[in-house]
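Okay, structure first, notes after.
Read-outs throughout are calculated quantities, based only on the coordinates presented, and are distinct from any laboratory measurement. Since the structure is predicted, the reported quantities are computational estimates derived from the model, not experimental observations.
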Amino acid sequence: MLKAEFVGHIGSDAEIKNFNGKPFIAFNVATSERYKDAQGTTVTRTTWVSCLKPGDGAVVQYLKKGTQVFCRGNLTAKPYTGRNGVEAGLNCTVTELELLGSRQDGQNQQQTQPGQQYGAQGYGGGAYGSGYPGEPYPGPGNENMPY
């Protein structure tokens with residue numbers, strides 16, 4: 001099992017999808033890395049991760065385009081050829097999700113409640129559970145996942 005933690009911005013508003021009659025929150029997260037190449041030019045590399053979070057909780061209303069999030073979960077690679085001919089494909093079944101803020105927060109110089117956590121102690125494993133007590137997350141190897 002490959003575990004991952006990453007911070008990034010949501011690419012489009014999250015939506016509820018059903019898989020075998022069970023709800024999942026589906027969203028994409030873009031993570032960016034900046035570095036200097038051999039010529040000293042700053043290069044930005046963006047990696048997109050398709051995410052599924054078991055459940056259909058109220059958190060979906062906060063997962064809007066541009067919102068910064070922290071995700072922890074099980075990572076799988078499903079290669080496909082993208083529009084630019086590059087093979088890519090990372091999927092994550094999220095077990096912990098934390099809201100860090102939104103782009104609007106920085107523009108308005110307002111602070112929301114950063115660190116609203118929906119994971120180990122909140123949505124997806126603790127007080128609210130996964131929504132399906134006693135049932136494991138559908139992890140890697142399940143080709144029917146709606147990524």
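For the pairs LYS3/LYS36; LYS3/LYS64; LYS3/LYS53; LYS17/LYS78, note any where the Cα-Cα span goes beyond 23 Å.
Checking Cα-Cα distances, LYS3/LYS36; LYS3/LYS64 exceed 23 Å.
Would you mind calculating the gained length between ASP37 and LYS3 on full extension (0.36 nm times residue separation, minus the Cα-Cα distance), in nm to one decimal?
9.4 nm
Please give the length that would be gained between LYS78 and LYS65 if that part of the chain were fully extended, namely 0.36 nm times their separation in residues minus their C-alpha to C-alpha distance (nm, one decimal).
Extra length available between LYS78 and LYS65 comes to 2.3 nm.
Checking the a/c ratio against 1.5 first, then a/b against b/c, what shape does the Cα gyration tensor give for the range 1-107?
Because a/c hits 1.5 or more and a/b fails to exceed b/c, the range 1-107 counts as oblate.
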